[in-house]
1. Could you give the length gained on full extension between Met1 and Asn74, defined as 0.36 nm per residue of separation minus the Cα-Cα distance, in nm?
2. Give me the base-10 log of I(q)/I(0) for segment 4-124 at each q in 0.11, 0.14, 0.21 Å⁻¹, Debye formula, one uniform scatterer per Cα, rounded to two decimals.
3. Can you list the DSSP H helices in the chain whose Cα atoms extend at least 27 Å along the helix axis and whose mean Kyte-Doolittle hydropathy is 1.6 or higher?
4. May I ask you to compute the full-extension gain from Val35 to Thr91, defined as 0.36 nm times their residue separation minus their alpha-carbon distance, rounded to one decimal in nm?
5. Find out how many positive minus negative residues lie around His8, taking Lys and Arg as positive, Asp and Glu as negative, among other residues whose Cβ is under 15 Å from that of His8.
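Coordinate-derived values only; no laboratory data. Here the structure is a predicted model, which means the values were calculated and not measured. As a convention, Cβ positions derive from the backbone with ideal geometry for all residues, glycine included, and neighbour counts pool all protein chains shown.
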Amino acid sequence: MPALTLDHTNRAAIRARMSDHTWSVGCLCAAWCDVCTDFRSAFDRVAEAHPDKLFLWIDVEDEAEVVGDFDVENFPTLLIQRGDHVAFFGTITPDAGTANRLIASLSQDGGYPKQHAAGLPDLRASLSAALAR
């Protein structure tokens, strides 16, 4: 299944799928970014290779209410988390192989931090806050 594009019509359904045991992989991009546009098909292929995970395409401008204060300096930026534990937040090379290796290594048992790191964005909490408004 390709990545879901987060928008105001599907926020609640997506938030409901983000359980404590679900890996969520968000790609934060912008519509005006050519690198993001080129990376979208590769990101969809990565999503299809990991059907047990929730993949989200998030436009930082269209979804500013959700993204809020996330510090996105370059594109594409991935946010990978399981429950409220953020395993990765940073810019990657826009390449399916790189994304696949990163996701595979983090989702192996013990491959991610067990404690939420202070200061890292929490997509699940941000979606919940946006829905509460």
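1. 23.7 nm is the gain from fully extending Met1 to Asn74.
2. Treating every Cα as an identical point scatterer, log10 I(q)/I(0) equals -0.32, -0.53, -1.33.
3. none
4. Full-extension gain reported as 19.0 nm.
5. In short, -3.
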